[in-house]
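Below is one structure, written out as C-alpha coordinates; the observations come after it.
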Amino acid sequence: MPGQDSLLKALTRTLSGGALEALGVHGVERLEPFTTELPASTLRMDRAWRMPNGDVFHLEFQDRRERTLHRFLEYDARLANHVKAKIRTVVLYHAHVGSAPHELDIGTAVYRLENVFLSELDGDGALDEVEAHLRAGRWEPADRLRLGLALSMRVEDRHQAMARVLDLLPRVPDDEERELVASAVLAFGDRALSAEDRRKLRKELKNVFRLAEELYEDGRREAAEDIAHRLLAEGVPVEVVEKATGLPRERLEQMQSEVH
(Lines give C-alpha, C1' and ligand atoms only; values in the text may rest on other atoms or scores of the structure.)
Protein backbone atom coordinates (compact mmCIF):
# COMPACT_ATOMS: atom_id res chain seq x y z
CA MET A 1 0.00 0.00 0.00
CA PRO A 2 1.30 3.48 -0.78
CA GLY A 3 3.10 5.46 1.91
CA GLN A 4 1.05 7.86 4.01
CA ASP A 5 2.94 10.94 2.76
CA SER A 6 2.28 10.02 -0.87
CA LEU A 7 -1.40 9.52 -0.19
CA LEU A 8 -1.74 12.77 1.73
CA LYS A 9 -0.03 14.73 -1.03
CA ALA A 10 -2.38 13.27 -3.61
CA LEU A 11 -5.43 13.70 -1.42
CA THR A 12 -4.59 17.35 -0.74
CA ARG A 13 -4.86 18.06 -4.47
CA THR A 14 -8.31 16.46 -4.31
CA LEU A 15 -9.49 19.07 -1.79
CA SER A 16 -9.12 22.10 -4.08
CA GLY A 17 -11.83 24.05 -5.89
CA GLY A 18 -14.38 23.91 -3.08
CA ALA A 19 -14.44 20.11 -2.85
CA LEU A 20 -14.73 20.24 0.96
CA GLU A 21 -18.28 21.55 0.52
CA ALA A 22 -19.26 17.87 0.09
CA LEU A 23 -18.28 17.27 3.72
CA GLY A 24 -20.09 20.31 5.08
CA VAL A 25 -16.87 22.31 5.42
CA HIS A 26 -17.66 25.64 3.78
CA GLY A 27 -15.62 28.69 2.85
CA VAL A 28 -12.26 26.95 2.37
CA GLU A 29 -10.00 27.55 -0.61
CA ARG A 30 -6.31 26.85 -1.11
CA LEU A 31 -3.93 29.67 -1.94
CA GLU A 32 -0.49 28.70 -0.66
CA PRO A 33 0.64 25.49 1.07
CA PHE A 34 2.66 25.55 4.28
CA THR A 35 5.38 23.20 5.38
CA THR A 36 3.93 20.61 7.74
CA GLU A 37 7.05 20.41 9.89
CA LEU A 38 6.59 22.90 12.68
CA PRO A 39 9.49 25.14 13.76
CA ALA A 40 11.63 24.16 16.76
CA SER A 41 9.79 20.85 17.00
CA THR A 42 9.64 17.35 15.59
CA LEU A 43 5.85 17.65 15.47
CA ARG A 44 4.39 17.29 12.01
CA MET A 45 0.90 18.24 10.90
CA ASP A 46 -0.96 16.54 8.07
CA ARG A 47 -1.80 19.52 5.85
CA ALA A 48 -2.06 23.32 6.14
CA TRP A 49 -2.41 26.13 3.64
CA ARG A 50 -3.00 29.85 3.41
CA MET A 51 -6.45 30.96 2.24
CA PRO A 52 -7.24 34.03 0.12
CA ASN A 53 -8.45 36.00 3.19
CA GLY A 54 -5.05 35.53 4.86
CA ASP A 55 -6.20 32.93 7.40
CA VAL A 56 -4.65 29.47 7.59
CA PHE A 57 -6.58 26.22 7.15
CA HIS A 58 -5.19 23.22 9.04
CA LEU A 59 -6.52 19.76 8.14
CA GLU A 60 -5.84 16.53 10.05
CA PHE A 61 -6.76 13.00 8.93
CA GLN A 62 -7.52 10.60 11.80
CA ASP A 63 -8.23 6.86 11.71
CA ARG A 64 -8.70 6.61 15.48
CA ARG A 65 -10.50 8.70 18.08
CA GLU A 66 -8.41 11.49 19.57
CA ARG A 67 -8.96 11.35 23.35
CA THR A 68 -7.76 14.88 24.07
CA LEU A 69 -6.90 17.89 21.94
CA HIS A 70 -3.55 18.68 23.52
CA ARG A 71 -1.61 17.49 20.46
CA PHE A 72 -3.64 19.62 18.06
CA LEU A 73 -3.43 22.57 20.45
CA GLU A 74 0.35 22.34 20.35
CA TYR A 75 0.30 22.14 16.56
CA ASP A 76 -1.84 25.25 16.26
CA ALA A 77 -0.02 27.21 18.96
CA ARG A 78 3.28 26.69 17.15
CA LEU A 79 1.68 27.36 13.77
CA ALA A 80 0.05 30.58 15.02
CA ASN A 81 3.37 31.79 16.39
CA HIS A 82 4.95 31.07 13.01
CA VAL A 83 2.33 32.58 10.67
CA LYS A 84 0.79 35.28 12.90
CA ALA A 85 -2.67 34.62 11.47
CA LYS A 86 -6.00 33.09 12.44
CA ILE A 87 -6.16 29.30 12.12
CA ARG A 88 -9.14 27.12 11.30
CA THR A 89 -8.58 23.45 12.14
CA VAL A 90 -10.72 20.59 10.83
CA VAL A 91 -10.20 16.94 11.78
CA LEU A 92 -11.52 14.40 9.27
CA TYR A 93 -12.28 11.07 10.97
CA HIS A 94 -12.42 7.75 9.14
CA ALA A 95 -15.54 5.62 8.96
CA HIS A 96 -15.32 3.72 12.25
CA VAL A 97 -14.97 6.83 14.47
CA GLY A 98 -18.26 8.33 15.59
CA SER A 99 -17.31 10.86 18.28
CA ALA A 100 -14.34 12.92 19.44
CA PRO A 101 -13.74 16.06 21.52
CA HIS A 102 -13.95 19.41 19.77
CA GLU A 103 -13.02 21.76 22.64
CA LEU A 104 -10.24 21.99 25.21
CA ASP A 105 -10.35 24.42 28.15
CA ILE A 106 -6.87 25.03 29.56
CA GLY A 107 -7.98 27.81 31.87
CA THR A 108 -6.19 30.69 30.21
CA ALA A 109 -7.77 29.91 26.84
CA VAL A 110 -10.37 27.70 25.18
CA TYR A 111 -9.22 25.83 22.08
CA ARG A 112 -11.82 24.71 19.54
CA LEU A 113 -11.71 22.82 16.27
CA GLU A 114 -14.21 21.23 13.87
CA ASN A 115 -14.72 17.48 13.58
CA VAL A 116 -16.07 15.81 10.43
CA PHE A 117 -17.18 12.20 10.91
CA LEU A 118 -17.47 10.33 7.63
CA SER A 119 -19.68 7.76 9.37
CA GLU A 120 -22.37 10.44 9.73
CA LEU A 121 -22.50 11.25 6.01
CA ASP A 122 -24.84 9.51 3.55
CA GLY A 123 -22.65 7.51 1.16
CA ASP A 124 -25.54 6.15 -0.90
CA GLY A 125 -26.89 9.67 -1.33
CA ALA A 126 -23.44 10.91 -2.32
CA LEU A 127 -23.19 8.24 -5.02
CA ASP A 128 -26.72 9.04 -6.22
CA GLU A 129 -25.74 12.69 -6.59
CA VAL A 130 -22.54 11.86 -8.49
CA GLU A 131 -24.43 9.51 -10.80
CA ALA A 132 -27.07 12.16 -11.50
CA HIS A 133 -24.38 14.74 -12.28
CA LEU A 134 -22.58 12.37 -14.65
CA ARG A 135 -25.82 11.56 -16.48
CA ALA A 136 -26.41 15.30 -16.92
CA GLY A 137 -22.85 15.88 -18.15
CA ARG A 138 -21.92 17.83 -15.02
CA TRP A 139 -18.93 17.52 -12.73
CA GLU A 140 -17.98 19.69 -9.76
CA PRO A 141 -15.09 19.59 -7.25
CA ALA A 142 -17.37 18.35 -4.46
CA ASP A 143 -18.10 15.26 -6.59
CA ARG A 144 -14.47 14.21 -6.07
CA LEU A 145 -15.07 13.72 -2.37
CA ARG A 146 -18.61 12.37 -2.78
CA LEU A 147 -17.27 9.58 -4.98
CA GLY A 148 -13.83 9.26 -3.41
CA LEU A 149 -15.05 9.02 0.20
CA ALA A 150 -18.41 7.27 -0.27
CA LEU A 151 -16.99 3.95 0.92
CA SER A 152 -16.09 5.55 4.25
CA MET A 153 -19.55 7.07 4.67
CA ARG A 154 -22.76 5.41 5.89
CA VAL A 155 -24.08 2.97 3.25
CA GLU A 156 -26.73 0.25 3.25
CA ASP A 157 -24.58 -2.37 1.51
CA ARG A 158 -20.83 -1.83 1.44
CA HIS A 159 -20.18 -4.42 -1.29
CA GLN A 160 -22.78 -2.80 -3.53
CA ALA A 161 -21.34 0.64 -2.77
CA MET A 162 -17.88 -0.52 -3.81
CA ALA A 163 -19.30 -1.90 -7.07
CA ARG A 164 -20.95 1.48 -7.72
CA VAL A 165 -17.71 3.36 -7.03
CA LEU A 166 -15.77 1.14 -9.44
CA ASP A 167 -18.52 1.59 -12.06
CA LEU A 168 -18.63 5.39 -11.71
CA LEU A 169 -14.88 6.04 -11.58
CA PRO A 170 -14.20 5.40 -15.31
CA ARG A 171 -17.12 7.73 -16.18
CA VAL A 172 -15.52 10.78 -14.53
CA PRO A 173 -15.02 13.13 -17.50
CA ASP A 174 -11.38 14.14 -17.11
CA ASP A 175 -8.17 12.12 -16.63
CA GLU A 176 -6.87 14.35 -13.83
CA GLU A 177 -10.23 14.35 -12.07
CA ARG A 178 -10.37 10.54 -12.24
CA GLU A 179 -6.94 10.35 -10.65
CA LEU A 180 -7.92 12.81 -7.92
CA VAL A 181 -10.93 10.64 -7.08
CA ALA A 182 -8.74 7.54 -7.11
CA SER A 183 -6.37 9.16 -4.63
CA ALA A 184 -9.25 9.76 -2.22
CA VAL A 185 -10.46 6.17 -2.61
CA LEU A 186 -6.95 4.88 -1.95
CA ALA A 187 -6.43 7.12 1.07
CA PHE A 188 -9.75 6.43 2.77
CA GLY A 189 -11.99 3.96 0.99
CA ASP A 190 -10.15 0.76 1.80
CA ARG A 191 -10.13 1.48 5.56
CA ALA A 192 -13.83 0.63 5.78
CA LEU A 193 -13.72 -2.63 3.79
CA SER A 194 -12.99 -6.27 4.49
CA ALA A 195 -9.55 -7.69 3.66
CA GLU A 196 -10.90 -9.32 0.50
CA ASP A 197 -12.64 -6.14 -0.63
CA ARG A 198 -9.47 -4.13 0.04
CA ARG A 199 -7.50 -6.53 -2.14
CA LYS A 200 -10.03 -6.23 -4.95
CA LEU A 201 -10.23 -2.45 -4.69
CA ARG A 202 -6.46 -2.00 -4.79
CA LYS A 203 -6.16 -4.38 -7.74
CA GLU A 204 -8.86 -2.57 -9.72
CA LEU A 205 -7.41 0.86 -9.05
CA LYS A 206 -3.85 -0.25 -9.77
CA ASN A 207 -4.92 -1.73 -13.09
CA VAL A 208 -6.90 1.30 -14.24
CA PHE A 209 -5.31 4.44 -12.84
CA ARG A 210 -1.80 5.73 -13.41
CA LEU A 211 -1.84 7.61 -10.10
CA ALA A 212 -2.65 4.45 -8.19
CA GLU A 213 0.30 2.73 -9.86
CA GLU A 214 2.59 5.65 -9.00
CA LEU A 215 1.46 5.68 -5.38
CA TYR A 216 1.86 1.92 -5.16
CA GLU A 217 5.42 2.21 -6.43
CA ASP A 218 6.08 5.11 -4.03
CA GLY A 219 5.05 2.86 -1.15
CA ARG A 220 7.32 0.04 -2.32
CA ARG A 221 10.26 2.43 -2.68
CA GLU A 222 9.67 3.94 0.76
CA ALA A 223 9.61 0.45 2.32
CA ALA A 224 12.80 -0.56 0.48
CA GLU A 225 14.61 2.59 1.61
CA ASP A 226 13.54 2.00 5.21
CA ILE A 227 14.99 -1.53 5.08
CA ALA A 228 18.17 -0.28 3.41
CA HIS A 229 18.63 2.45 6.01
CA ARG A 230 18.45 -0.12 8.82
CA LEU A 231 20.86 -2.51 7.13
CA LEU A 232 23.38 0.24 6.41
CA ALA A 233 23.14 1.47 9.99
CA GLU A 234 24.09 -2.06 11.10
CA GLY A 235 27.17 -1.96 8.89
CA VAL A 236 25.94 -4.24 6.10
CA PRO A 237 28.02 -3.61 2.93
CA VAL A 238 26.44 -1.49 0.20
CA GLU A 239 26.70 -4.25 -2.39
CA VAL A 240 24.76 -6.63 -0.14
CA VAL A 241 22.05 -4.05 0.52
CA GLU A 242 21.84 -3.35 -3.21
CA LYS A 243 21.09 -7.00 -3.93
CA ALA A 244 18.59 -7.24 -1.07
CA THR A 245 16.57 -4.13 -1.91
CA GLY A 246 17.12 -3.45 -5.61
CA LEU A 247 17.82 0.22 -4.89
CA PRO A 248 20.36 2.10 -7.06
CA ARG A 249 23.98 2.05 -5.86
CA GLU A 250 24.14 5.88 -5.95
CA ARG A 251 21.16 6.19 -3.62
CA LEU A 252 22.58 3.59 -1.23
CA GLU A 253 25.96 5.34 -1.11
CA GLN A 254 24.16 8.59 -0.30
CA MET A 255 22.21 6.87 2.48
CA GLN A 256 25.40 5.27 3.80
CA SER A 257 27.04 8.70 4.12
CA GLU A 258 24.02 9.91 6.08
CA VAL A 259 24.09 7.12 8.65
CA HIS A 260 27.86 7.12 9.29
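The values are calculated or read from the model by the stated rules, or taken from the named source; none is laboratory data. No experiment lies behind these values; they were computed from the predicted model shown. As a convention, Cβ positions derive from the backbone with ideal geometry for all residues, glycine included, and neighbour counts pool all protein chains shown. Accessible surface areas use protein heavy atoms only, side chains included; no ligands, DNA or RNA. Shrake-Rupley method; radii C 1.70, N 1.55, O 1.52, S 1.80 Å.
Per-structure values
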| quantity | calculated |
| --- | --- |
| Fraction of accessible area attributable to carbon and sulfur, segment 86-198 (%, probe 1.4 Å) | 45 percent |
| Approximate shape of segment 26-162 as ellipsoid semi-axes (Cα gyration tensor, √5λ), whole Å, largest first | 31, 19, 12 |
| Simple label model, 7 Å out from Cα along Cβ direction - Val240 to Glu140, nm | 6.1 nm |
| In Å², nearest 10: area of Arg249 left accessible to a 1.4 Å probe | 80 Å² |
| Kirkwood Rh in Å, taken over all unlike Cα pairs in segment 131-181 | 11.2 Å |
| Under-5 Å amide H pairs with Arg47, H placed in peptide plane, nonlocal only | Leu59 |
| Rg/Rg_ref, segment 77-152, where Rg_ref = 2.2 N^0.38 Å and atoms are Cα | 1.52 |
